[in-house]
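Trainee: Quick one: this structure, given as structure tokens, is what I'll be asking you about.
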Amino acid sequence: MPKVTVDGIELEVPQGATVLQACELAGKEIPRFCYHERLSIAGNCRMCLVEVAPGPPKPQASCALPATEGQVIKTDSPMVKKAREGVMEFLLINHPLDCPICDQGGECDLQDQSVAYGRGASRYHEPKRAVTEKYMGPLIKTVMTRCIQCTRCVRFSEEIAGVDEIGALYRGENMQITTYLEKASAHELSANVIDLCPVGALTSRPYAFEARPWELKKTLSIDVSDAVGSNVRLDARGREVLRILPRVNDDVNEEWLSDKGRFMVDGLTRRRLDKPWLRRDGKLESANWEEAFAAVAKINPGKSVAVVAGDMVDCETMFAAKTLAGALGSDLLEGRQTGLDYDCSNLAAVNFNSGLAGIEEADALLIVGSHVRWEAPVLHARLRKIAKRGGKVFVVGPEWDTTFGATFLGNDLAVLGKLPKETADAFKTAQRPALILGGAGLAKGALDACLAFAAANKLVRATDSGTWNGFNVLHMAAARMGGLMLGYAQQGGIADLVKAKPKMLISLGADEVDYTKFAGSMIVYIGHHGDKGAHAADVILPAAAFSEKPGTYVNTEGRVQWADKAVFAPGDAREDWTILRAMADALGVSVGFDSFDQLRGAMAKAVPALGREGLADYGALPVVRSGAKAGAKGKIEAYPIQDFYLTNPIARASVTMQRCSAELLHGEEFAEAAE
């Protein structure tokens, strides 16, 4: 490792590190606009200038200069100070005086660095240039006169998202950043360029002029739009969450967030259930809590109770409902709303065992029945790294644009038993082979076949760094793994609940269930939106959304994560566990908890893994019976998600998501105000 000296501090830096990274290791702040840790080096803003010896007697861009043995680096010499002032002066030559009306104000790198490293005055008095605005779709607002051409958005689109939608036109003073033919940016991670933009050129269109950052209360939470469990921050003012931003977690979402997870936020205030409702003479009528609980008590179901959990429910709510059902004498619990009935006796067999970060190490990958771009956009960005490193990716299922050149093996699951030669050779020579089984494959009963495939191709093997487990199941619901840990899985799936014909069906925000099959049951819906489940319910008890309660969530890799409460639920809505606790009183049973802390403690006692953050240990994969073949019958005709933007009740209530669906997926045109 080379030794360098930074402002008199001698230190060793990793081989291949840049001078900028060496300075950061020494605790020195280096200003930058174009450099980003997760993007390729462009070296075009020149803000990170430092003085390096031996070398030419001039400031050098530290982001593009390798750190070598014996370098003496100065980050605060008069030469460096004057050079940075000059660069900042040039950057501000054409930058408009928009700070009072710019949505980036208060979070702007250009503002901060102008104060810290600028001259304080400009010697340029000529007219500023202006750039026409570009249209980048319903999510990204552009004011391209502010653009400083750092090209972060261009590099993100090409390298992380894999969609060459944003590029640069012309040269010199005429250079402009734009989308291809000024079309909308349509990929599922497009809004991450808003976070990457260091100035106010790319900002959030739905959030425009809503609030300033210092007005907002910031709360740490978990994204529930898919099963990845991306770490997010909820920014709220008063009783309303105004925006959702990603947090850095290298093990889960790096620092990216899907457009749905970010922009379904306006759905939290629309179509909300804010008071109880009762069905009288076939029509839903508003009621109060006393009337609602009286109606529940009147059902008097005895042991004939079933619980079905929705896709966005926290573990505490599911445990409270399980405890209530158990106190009534029932164990009819199910969370797989659409009818899946795979074997859950060994959770390692339905877990993403390699880990979301670990999947990047795979050198041969087979995807079975999963449209990863729509089911887990943040994971899809990781899969691109496999292909960029030269790994082979194969897909069984209908074709979709992978952005990294995967080989499609057709729709027939029988291919698992007899792979084409190219695929078989790739897995035979792979050091870290991996498989991802998605919802379409689970629906076709391909779990056993994939386990046999894993055994035949040694997806689980010892390596120099430990044990490699490349068998992965990709779920689509934030509540799925937590529900499976709590026993929300019947042997025959939801069909078992239908056969039992329960007198009372408790629906925990389950909006994808076919309720016509429960025509003889009294349906008690505990949820937060007036979606499909509420329309079918006989009793509606208004609950809290994920932003309005603390909760535990388990992502598809078995990672237990905690979310905090950002705002209060609207109207008469209550947190879910309090509703279930009151239901227990109405039904005359005891559940053993009277506070949230008692509930969480009881849950941790029953399932210890849910009492601590981090990866749960599900043990080893089940042993495949001898003679089992990696084959399965049936064809995958379609994937479960038909519309990426409208997969849950919050997204369906969101005006922004509705417009994204209409414009980006279905080609509808929207006239701008002046048209």
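Trainee: So which residues in the range 486-509 are touching a Phe, Trp or Tyr at 6+ places or on another chain (Cβ under 9 Å) and within 23 Å of VAL607 (Cα to Cα), if there are any at all? Show your work before the answer.
Mentor: In the first step, residues of the range 486-509 are kept if they are touching a Phe, Trp or Tyr at 6+ places or on another chain (Cβ under 9 Å); the result is 486, 489, 493, 497-498, 501-502, 505-509.
LEU486, ALA489, GLY493, ILE506, SER507, LEU508, GLY509, listed by residue number.
Trainee: For the range 577-597, does any single residue satisfy the condition of being surrounded by 16 or more Cβ atoms within 10 Å (Cβ to Cβ), among the polar types (S, T, N, Q) and not in a loop (DSSP other than H, G, I, E, B)?
Mentor: Yes, the range 577-597 contains at least one residue that is surrounded by 16 or more Cβ atoms within 10 Å (Cβ to Cβ), among the polar types (S, T, N, Q) and not in a loop (DSSP other than H, G, I, E, B).
Trainee: Let me ask something else. When residues of the range 140-151 are filtered for being open to solvent by less than 20 Å² (accessible area, probe 1.4 Å) and touching a Pro at 6+ places or on another chain (Cβ under 7 Å), how many remain?
Mentor: Looking only at that region, the number is 2.
Trainee: Right, next: Filter the range 136-192 down to residues that are part of a strand (DSSP E or B) and under 28 Å from the mean Cα position of the chain (by Cα) and give me whichever is nearest to ARG382 (Cα to Cα). Can you show your working first?
Mentor: To start, the set of residues in the range 136-192 that are part of a strand (DSSP E or B) comprises 140-142, 166-169, 176-179.
From what is left, the residues that are under 28 Å from the mean Cα position of the chain (by Cα) are 140-142, 166-167, 177-179.
On the way: ILE140: 23, LYS141: 27, THR142: 28, ILE166: 20, GLY167: 22, ILE177: 26, THR178: 26, THR179: 24 Å.
Top of the filtered list is ILE166.
Trainee: Okay, next question. Against the definition (in contact (Cβ under 8 Å) with a residue 40 or more places away in the chain and either assigned to a strand (DSSP E or B) or not charged (D, E, K, R) (or both)), how does PHE404 come out, yes or no?
Mentor: yes
Trainee: Right, here's the next one. For the range 209-252, give me the residue count where each residue is of a type in the set (Asp, Glu) and within 24 Å of LYS141 (Cβ to Cβ). Spell out how you get there, then give the answer.
Mentor: First, the residues of the range 209-252 that are of a type in the set (Asp, Glu): 210, 215, 223, 226, 235, 240, 250-251.
From what's left, within 24 Å of LYS141 (Cβ to Cβ): 210, 215, 223, 235, 240.
Final tally of qualifying residues: 5.
Trainee: For TYR525, all conditions in the list (1) over 25 Å from the mean Cα position of the chain (by Cα); (2) farther than 30 Å from GLY391 by Cα; (3) assigned to a loop (DSSP other than H, G, I, E, B) hold save one; what is the number of the exception?
Mentor: (3)
Trainee: With ARG432, ARG389 as the choices, which residue is open to solvent by 20 Å² or more (accessible area, probe 1.4 Å), in contact (Cβ under 8 Å) with a residue 40 or more places away in the chain and among the basic types (Lys, Arg)?
Mentor: Numbers: ARG389 fails: in contact (Cβ under 8 Å) with a residue 40 or more places away in the chain.
None of the other options fit; the residue is ARG432.
Trainee: Can you confirm whether the range 533-552 contains a residue that is of a type in the set (Gly, Ala, Ser), open to solvent by 10 Å² or more (accessible area, probe 1.4 Å) and either closer than 18 Å to VAL307 by Cβ or not in a helix (DSSP H, G or I) (or both)? Walk me through how you get there before you give the answer.
Mentor: Quick first cut of the range 533-552, residues of a type in the set (Gly, Ala, Ser) only: 533-534, 536-537, 543-545, 547, 551.
This time we only want the ones that are open to solvent by 10 Å² or more (accessible area, probe 1.4 Å), so: 536.
Next, only the ones that are either closer than 18 Å to VAL307 by Cβ or not in a helix (DSSP H, G or I) (or both) stay: 536.
Yes, the range 533-552 contains at least one residue that is of a type in the set (Gly, Ala, Ser), open to solvent by 10 Å² or more (accessible area, probe 1.4 Å) and either closer than 18 Å to VAL307 by Cβ or not in a helix (DSSP H, G or I) (or both).
Trainee: Further question on the same structure: Within the range 306-347, restricting attention to residues that are closer than 20 Å to ASP226 by Cα and part of a helix (DSSP H, G or I), which residue is most open to solvent (accessible area, probe 1.4 Å)?
Mentor: Looking at residues that are closer than 20 Å to ASP226 by Cα and part of a helix (DSSP H, G or I), I get LEU347.
Trainee: Please go through the range 446-472 and pick out each residue that is assigned to a loop (DSSP other than H, G, I, E, B), among the small types (Gly, Ala, Ser) and buried (at least 16 other Cβ atoms within 10 Å of the Cβ). Can you show your working first?
Mentor: At the first step, the residues of the range 446-472 found to be assigned to a loop (DSSP other than H, G, I, E, B) are 446, 457-459, 464-465, 470.
Filter once more, so that each one left must be among the small types (Gly, Ala, Ser): 446, 465, 470.
Result: ALA446, GLY470.
Trainee: So which residues in the range 301-321 are charged (D, E, K, R) and more than 14 Å from THR578 (Cα to Cα), if there are any at all? Steps first, please.
Mentor: Initially, the range 301-321 is screened for residues charged (D, E, K, R), giving 303, 311, 314, 316.
Correct list: LYS303, ASP311.
Trainee: Then there's this: From ALA545, ALA566, which residue is over 23 Å from ARG336 (Cα atoms) and in contact (Cβ under 8 Å) with a residue 12 or more places away in the chain? Break it down stepwise before answering.
Mentor: Values: ALA545 fails: over 23 Å from ARG336 (Cα atoms).
Answer to the check: ALA566.
Trainee: Then there's this: Determine if the range 120-135 includes at least one residue that is open to solvent by less than 20 Å² (accessible area, probe 1.4 Å), within 23 Å of LEU257 (Cβ to Cβ) and either in contact with a helix residue (DSSP H, G or I) (Cβ under 9 Å, 6 or more places away or on another chain) or not in a helix (DSSP H, G or I) (or both). Explain how you work it out, then say what you get.
Mentor: First, the residues of the range 120-135 that are open to solvent by less than 20 Å² (accessible area, probe 1.4 Å): 131, 134.
Of the ones still in play, those that are also within 23 Å of LEU257 (Cβ to Cβ) are 134.
Retained after the next criterion (residues that are either in contact with a helix residue (DSSP H, G or I) (Cβ under 9 Å, 6 or more places away or on another chain) or not in a helix (DSSP H, G or I) (or both)): 134.
The answer is yes, given that some residue of the range 120-135 is open to solvent by less than 20 Å² (accessible area, probe 1.4 Å), within 23 Å of LEU257 (Cβ to Cβ) and either in contact with a helix residue (DSSP H, G or I) (Cβ under 9 Å, 6 or more places away or on another chain) or not in a helix (DSSP H, G or I) (or both).
Trainee: Also: Within the range 233-253, which residues are outside any strand (DSSP E or B), more than 13 Å from ASP195 (Cβ to Cβ) and open to solvent by 80 Å² or more (accessible area, probe 1.4 Å)? Please lay out each step first, then the result.
Mentor: Let us first name the residues in the range 233-253 that are outside any strand (DSSP E or B), namely 238-239, 247-248, 250-253.
Adding the requirement that they be more than 13 Å from ASP195 (Cβ to Cβ) leaves 238-239, 250-252.
Within the range 233-253, ARG239, ASP250 meet the criteria.
Trainee: For residues that are touching a helix residue (DSSP H, G or I) at 6+ places or on another chain (Cβ under 7 Å) and open to solvent by less than 50 Å² (accessible area, probe 1.4 Å), tally how many sit in the range 392-406.
Mentor: Summing the residues that are touching a helix residue (DSSP H, G or I) at 6+ places or on another chain (Cβ under 7 Å) and open to solvent by less than 50 Å² (accessible area, probe 1.4 Å) in the range 392-406 gives 7.
Trainee: For residues that are of a type in the set (D, E, K, R) and surrounded by 10 or more Cβ atoms within 10 Å (Cβ to Cβ), scanning just the range 658-675, find the one that is modelled with the lowest pLDDT.
Mentor: So in the range 658-675, the residues of a type in the set (D, E, K, R) come out as 659, 663, 668-669, 672, 675.
Now restrict to residues that are surrounded by 10 or more Cβ atoms within 10 Å (Cβ to Cβ): 659, 663, 668.
On the way: ARG659: 94, GLU663: 92, GLU668: 86.
This residue is GLU668.
Trainee: Which members of the range 88-119 meet the condition of being open to solvent by less than 60 Å² (accessible area, probe 1.4 Å) and either out of contact with any Pro (no Cβ under 9 Å at 6 or more places or on another chain) or among the basic types (Lys, Arg) (or both)? Lay out the reasoning, then the answer.
Mentor: In the first step, residues of the range 88-119 are kept if they are open to solvent by less than 60 Å² (accessible area, probe 1.4 Å); the result is 88-89, 91, 93-96, 98, 102-106, 108-111, 113-114, 117-118.
Answer for the range 88-119, where residues must be open to solvent by less than 60 Å² (accessible area, probe 1.4 Å) and either out of contact with any Pro (no Cβ under 9 Å at 6 or more places or on another chain) or among the basic types (Lys, Arg) (or both): GLU89, LEU91, ILE93, ASN94, HIS95, PRO96, ASP98, ASP103, GLN111, SER114, GLY118.
Trainee: Filter the range 598-627 down to residues that are open to solvent by 70 Å² or more (accessible area, probe 1.4 Å) and not hydroxyl-bearing (Ser, Thr, Tyr), then give me how many there are. Spell out the reasoning first.
Mentor: Of the range 598-627, the ones open to solvent by 70 Å² or more (accessible area, probe 1.4 Å) are 598, 605, 608, 612-613, 615, 617, 620, 623, 625-627.
So of that shortlist, the ones also not hydroxyl-bearing (Ser, Thr, Tyr) come out as 598, 605, 608, 612-613, 615, 617, 620, 623, 625, 627.
Residues in the range 598-627 being open to solvent by 70 Å² or more (accessible area, probe 1.4 Å) and not hydroxyl-bearing (Ser, Thr, Tyr): 11 in total.
The values are calculated or read from the model by the stated rules, or taken from the named source; none is laboratory data. Keep in mind that this is a model prediction, so the values were computed, not measured. A quick note on method: Cβ atoms are made from the backbone with ideal geometry, for glycine too, and the neighbour counts reach across all protein chains shown. Only protein heavy atoms, including side chains, enter the accessible area calculation; ligands, DNA and RNA are left aside. Shrake-Rupley method; radii C 1.70, N 1.55, O 1.52, S 1.80 Å.
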